[in-house]
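The values are calculated or read from the model by the stated rules, or taken from the named source; none is laboratory data. Here the structure is a predicted model, which means the values were calculated and not measured. Cβ atoms come from the backbone with ideal geometry, glycine included; neighbour counts cover every protein chain shown. The area values use the complete protein model at the heavy-atom level, side chains included, leaving out ligands, DNA and RNA. Shrake-Rupley method; radii C 1.70, N 1.55, O 1.52, S 1.80 Å.
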Amino acid sequence: MQRRILLAGATLGLTAPAIFGRAHAQPRNSSWPRALNMGTAAPGGTYALYGPVWGQLVQEATGVNISYRTTQGPNQNIVLVQRREVEIGMVTMGVALQAWNGQGDWTQGNRFREIRALFPMYDTPFHGISLKRSGITQMSQLAGKNIGVGPRGGTPGTYFPLIMNTLGYRPAAIRYGSGSDMSGQLQDGLLDAFLFASGVPIPAFSEAETQGEVNFLDYTQDEVQKLTQTFPELSASTLPASTYRTAGRELRVVGMFNFAIGHRSLPEDLVYEMVRSVLGQQPRLQQSIAAAAETTASNATKNSFLPYHPGAARYLREVGQTIPDNLVLA
């Protein structure tokens, strides 16, 4: 099923063989690296689909070969970019804020200051699903239940334990794994609910609703207020009823924005061309993956702390965005 979803998203010339890289790509500037590695995430989430699509646009524009490394998500992507084990990746801004300041248990007090913002991607809404037969229709019913929250090193794996603790709903067990694995455990009755955060529609959620009847779990207004007051990196939003085939109603959620990142050592002119290749072809990107509807230069304002790479800032300013000097760092 995951393969079918991926190929269905590869339209307008972003064919499957091209998505996974051309072995003989040649950089259009001899000073550029011949290849870059991108940190994505495990199957079942949007990064696994979105990454190869924007990577293909970059490869076409620059001639630099892009390869992909499956990771646990934003936390690991930050660590890998910091170490230059990959040069580019994708993160949610809440996790990036923890990394920049050295906060959060996963950072072990280390501040990750080698990462730079490249371009805005899309909002990540936090919500969940349960099987209809479970009778679980709201977050408060998850107290004492078994829940899955995606990979341990991903944004939902980082935040959902904090969210549940803040709301006072203590699960009996919290399990970690890929989105596909969590969906499988839900169908097998090993989980009472699967909570996740990714670009919508979340592929694993869409897959689950084709296999049986599900309930979509969102938040009450009071829960939203408590979460946004506790975590200022979260914002309140809603998902249209049409987001999922069987939702049948608007979903009240909280979310945080995603950004592409790169190592600070990437050449400025290369990063400029990379960002131009993605934002300058946003309609093509969106036709390949729905979450890219929000991949626009205007959403650069969603980043207020992570320094932009100078090449990224140059492009964003050229297209009319105000990027403060203190938010640009070589």
Solvent-accessible area, 1.4 Å probe, carbon plus sulfur percent, for the chain: 46
Segment 60-121: projected area of the alpha-carbon convex hull, averaged over directions, in nm²: 4.7
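With an 8 Å cut-off on Cα pairs and a minimum separation of 6 or more residues, tell me the relative contact order of segment 93-132 in percent.
23
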Relative contact order %, the chain, counting alpha carbon pairs below 8 Å whose residues are six or more apart: 22
Segment 117-269: relative contact order as a whole-number percent, Cα under 8 Å and 6+ apart: 35
Within-12-Å neighbourhood charge of Thr158 [Cβ basis; K, R +1; D, E -1]: -1
Value of [θ]222 nm, deg cm²/dmol, for the chain, DSSP H segments ≥ 4, -39500 (n - 2.57) each, nearest 500: -10000 deg cm²/dmol
Nearest-20 debye value, segment 123-266 charge dipole, Cβ charges on Lys, Arg, Asp, Glu: 200
Coordinate range along principal axes, alpha carbons of segment 200-278, Å, largest first: 49, 35, 16
Selected from Thr228, Ala260, Ala293, residue furthest toward positive end of dipole (segment 212-300; charges at beta carbon): Ala293
In Å², nearest 10: area of Lys226 left accessible to a 1.4 Å probe: 100
Accessible surface of Asp192 - all protein chains present, 1.4 Å probe, nearest 10 Å²: 50
Listed residues Tyr68, Tyr159 arranged by accessible area, highest first, probe 1.4 Å: Tyr68, Tyr159
Kirkwood-based Rg to Rh ratio, segment 92-152, C-alpha trace: 1.12
Residue-normalised accessible area of segment 69-122, expressed per residue, 1.4 Å probe, Å²: 37
Rounded to the nearest 20 debye, dipole of the chain from Cβ charges on Lys, Arg, Asp, Glu: 400
Column: log10 I(q)/I(0), Debye, Cα scatterers of segment 85-217, q = 0.15, 0.19, 0.21 Å⁻¹: -0.74, -1.07, -1.23
Mean projected area (nm²) of the alpha-carbon convex hull when segment 149-282 is viewed from all directions: 10.2
Axial C-alpha extent at least 20 Å, average Kyte-Doolittle at least 0.0 - helices from the chain (DSSP): 47-62
Heavy atoms of Ser178 accessible to a 1.4 Å probe, total area in Å² rounded to 10: 30
Cα centre as origin, Lys/Arg/Asp/Glu Cβ charges: segment 63-115 dipole, Debye: 80
Residues of type lysines that Lys145 reaches as a straight line, Cα spacing below 21 Å, ignoring anything fewer than 8 places off in the same chain: Lys132
Listed residues Arg133, Arg34 arranged by accessible area, highest first, probe 1.4 Å: Arg133, Arg34
Trp54, Trp106, reordered so the largest accessible area comes first (probe 1.4 Å): Trp106, Trp54
